[in-house]
1. Among the residues in the stretch 21-44, are any within 17 Å of Val186 (Cβ to Cβ), assigned to a strand (DSSP E or B), of a type outside the set (D, E, K, R) and under 22 Å from the mean Cα position of the chain (by Cα)?
2. For the stretch 35-54, which positions are in contact with a helix residue (DSSP H, G or I) (Cβ under 9 Å, 6 or more places away or on another chain) and more than 12 Å from Arg22 (Cα to Cα)?
3. Which is more than 15 Å from Ile6 (Cβ to Cβ), of a type in the set (Ser, Thr, Tyr), out of contact with any Ser or Thr (no Cβ under 6 Å at 6 or more places or on another chain) and not in a loop (DSSP other than H, G, I, E, B), of Thr120, Thr115?
4. Can you pull out the residues in the stretch 46-102 that are part of a strand (DSSP E or B) and closer than 17 Å to Leu193 by Cβ?
5. Within the stretch 189-204, count every residue that is out of contact with any Leu (no Cβ under 8 Å at 6 or more places or on another chain) and under 14 Å from Ile8 (Cα atoms).
6. Pull up the stretch 123-146, narrow it to residues that are basic (Lys, Arg) and outside any loop (DSSP other than H, G, I, E, B), then point me to the one that is surrounded by the fewest Cβ atoms within 10 Å (Cβ to Cβ).
Amino acid sequence: MELRQIQITLNAQVGPLNEVRRQRIMESLGADFSVQPVPFQGALALVNPLRREAVFLTDTQIQFTVEGQPAEFSAYRMEHLLSTIRDTLLLEDRFPMIVQVIAHKDANGSAFERTVDAFTPIPPNTMRQYFPGLRGLGLRITFEEHPYVCDLRIEPLFSDPAYLFIQFNLGSQQAMLGVSALTDEVNQWMNRLQTDYNDIIDTIMGA
């Protein structure tokens, strides 16, 4: 499984991002980040093109994204950036967290064909009779692991059917974690996605 995008969103009482606060954030993150235009009034978007990182802030949210082929995710780097923003804005160190991960996985054949075989007990030929032009199936697994609600989605990567498109989401509005603790949580979930859940997907696909 190759991680392509990791996005961490913290619900936070950021407050209005006036010009002084914007300038402080830009100075604290450093010259590698540049301001990008956004369609939302009062929001701030900063991008580091060399590391393929982005930081997006509103008055109620802090979002960190890293992407690539593969995405070079570093828990230490994430903690550093989020801590810097927290300290610059003088925020309390308690945040609910939402995580979204996008990954691609070799389908060991055509994902269109293999998902039809793997994701339904209905014979593939019968499925194709019901749905002429069928281009594969998707599987969505929703589960709870306190305090998180999790969602794992598996479907063909339509731009390249040699691969599966994997999306994993988790979130909790109840758990309030400090930056260091939520960094540990994210790192553990990344490891589980690439080990336990990767093995589960192989089992589901009959690999």
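What follows draws every value from the coordinates through simple rules; no lab data is involved. From a predicted model like this one, the values you see are computed outputs, not experimental measurements. Cβ atoms come from the backbone with ideal geometry, glycine included; neighbour counts cover every protein chain shown.
1. No: zero hits.
2. Of everything in the stretch 35-54, those that are in contact with a helix residue (DSSP H, G or I) (Cβ under 9 Å, 6 or more places away or on another chain) and more than 12 Å from Arg22 (Cα to Cα) turn out to be Asn48, Arg51, Glu53.
3. Only one candidate qualifies: Thr115.
4. Once the filter is applied, which keeps residues that are part of a strand (DSSP E or B) and closer than 17 Å to Leu193 by Cβ, the stretch 46-102 yields Thr65, Val66, Glu67, Met97, Ile98, Val99, Gln100, Val101, Ile102.
5. Adding up the residues that qualify gives 0.
6. Arg140
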